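Data first, discussion second: the structure below is written as C-alpha cells.
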Amino acid sequence: MESTRRLYTDLAWLWPMWGDAADEYAHYCRHVAGLIERYAERPAVTLLNVGCGGGKNVFNLKERFRVTGLDLSPDMLAQASALNPESSFVCGDMRAFRLGRTFDAVLMDDAISFMSCLDDFVAAFRTATEHLSPGGVLVATPDVTTETFRQNRTIVTPATRTGGRDGLDVVFVENVYDPDPADEQYETTVLYLIRDHGRLRVETDRWTMGLFPLETWRSVLREAGLEVHEGRYDAGEDEYTVFACVKTT
C-alpha cells in the first residue's frame, strides 16, 4: 500500500496538537541529555537533531545545547522554526545530507523508523556518524523493533486546540500492522477525527516503516564506527531500548 505521509504535508497543521512539547517531550529529552553528558569524551555544546519534525525535541534540548534540526518536510521545518526561532534548521534527506561540519552530539529519534529497508537504514546512520565529532555521542531510540512489535496495536490520542482557533477537537487513531513478518517493513495507518465546532471530518494517512531486530541495530551502529552502549528508557506506559554511541574514529 502506498505511503502517503500526510502528517508531514497537507495535515502538518495538526502536528502541534499531537503531544505537548513542554510536557510529553521534556522527560525524554532530559534522558537524552543525561546520556550525552555521561558518555561524551568532552563537554557537548552542539547537537544535530536528525529528523527533527516540528521541533518538539529541539524545544527542550536547546536549553542545554546549541541545536541544529534537519528534516525532509518543509512544512514541519516551518513549524520547528516558529517554535524555536533561536535554533537553525536545514531541509535534507537523512540518508544523504551534507552540512560541511560536525557536531558534539547527534539525536536520531523516531524519524529513523521511516527507513523502510536495510540499505536506507544503514545509509542514515553512516551519514549521521559522518556529522559526529570524534568522541561525540549519537543517541538513537528505536520506536519499535522486531522483538517489541505488537501486531494490530492501536493507540488513541485525543487533543483539543487552544488559542487562536476555538472549537477544534482532534482524535488521533494510530494502528500498526505487519502484513508480511518475513520482510523488513510494517504499516502504520492513522485516522484523524477532526471536529471543528462539532462538525466531523475524517482524514486518513498511511506510512511504510522499517522493522529490524535489535541485533541489526547493534551491528549497523558498530559498523558505522560507533562504540555502542545500550540502555532503557521508561516512558511510563512503555519502555524503550536506547542506544548511546560514541564515535571512536
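The values are calculated or read from the model by the stated rules, or taken from the named source; none is laboratory data. Not measured: the values here are computed from a predicted model. Note that each Cβ is placed from the backbone with ideal geometry, even for glycine, and that neighbours are counted across all protein chains shown.
Please go through the range 12-41 and pick out each residue that is among the aromatic types (F, W, Y) and under 21 Å from N84 (Cα atoms).
Across the range 12-41, the qualifying residues are W13, W15, W18, Y25, Y28.
Only residues that are farther than 26 Å from F149 by Cα and outside the structural domain of V139 (by the TED database): list them for the range 192-245, please.
Of everything in the range 192-245, those that are farther than 26 Å from F149 by Cα and outside the structural domain of V139 (by the TED database) turn out to be I194, R195, D196, H197, G198, R199, L200, R201, V202.
Which residue pairs have Cβ atoms closer than 6 Å, lie 6 or more positions apart in sequence or on different chains, and pair a first residue in the range 43-61 that is of a type outside the set (F, W, Y) with a second residue that is part of a loop (DSSP other than H, G, I, E, B) and modelled with pLDDT under 95?
K56/A21
Residues in the range 147-159: is at least one surrounded by 15 or more Cβ atoms within 10 Å (Cβ to Cβ) and among the acidic types (D, E)?
Scanning the range 147-159, I find no residue that is surrounded by 15 or more Cβ atoms within 10 Å (Cβ to Cβ) and among the acidic types (D, E), so the answer is no.
Test V220 against the stated conditions and say whether it is under 15 Å from the mean Cα position of the chain (by Cα), β-branched (V, I, T) and within 19 Å of L107 (Cα to Cα). Break it down stepwise before answering.
Numbers: under 15 Å from the mean Cα position of the chain (by Cα): no; β-branched (V, I, T): yes; within 19 Å of L107 (Cα to Cα): yes.
No, not satisfied.
Kindly indicate whether G210 is on the phi > 0 side of the Ramachandran plot, modelled with pLDDT of 95 or more and surrounded by 14 or more Cβ atoms within 10 Å (Cβ to Cβ). Walk me through how you get there before you give the answer.
Details: on the phi > 0 side of the Ramachandran plot: no; modelled with pLDDT of 95 or more: yes; surrounded by 14 or more Cβ atoms within 10 Å (Cβ to Cβ): yes.
When the stated conditions are applied, G210 does not pass them.
A33: free of Cβ contacts under 8 Å to residues at least 40 places away in the same chain, buried (at least 16 other Cβ atoms within 10 Å of the Cβ) and over 26 Å from W207 (Cα atoms), yes or no?
Answer is yes for this residue.
Quick grid of which residues meet (1) touching a residue at least 60 places away in the same chain (Cβ under 8 Å); (2) buried (at least 18 other Cβ atoms within 10 Å of the Cβ); (3) under 19 Å from M17 (Cα atoms):
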{"residue": "F65", "(1), (2), (3)": "no, yes, no"}
{"residue": "L72", "(1), (2), (3)": "yes, yes, no"}
{"residue": "M76", "(1), (2), (3)": "yes, yes, yes"}
{"residue": "S81", "(1), (2), (3)": "no, no, yes"}
{"residue": "F89", "(1), (2), (3)": "no, yes, no"}
{"residue": "D93", "(1), (2), (3)": "no, no, no"}
{"residue": "A96", "(1), (2), (3)": "no, no, no"}
{"residue": "V106", "(1), (2), (3)": "no, yes, no"}
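Return the pair list, or none, for Cβ contacts closer than 9 Å from residues in the range 215-242 that are without any contact (Cβ under 8 Å) to a residue 40 or more places away in the chain to residues that are surrounded by fewer than 18 Cβ atoms within 10 Å (Cβ to Cβ) and aliphatic (A, V, I, L, M), at least 6 apart or on different chains.
As it stands, the answer is R218/V228; R222/V228; E230/L214, since those pairs meet every condition given.
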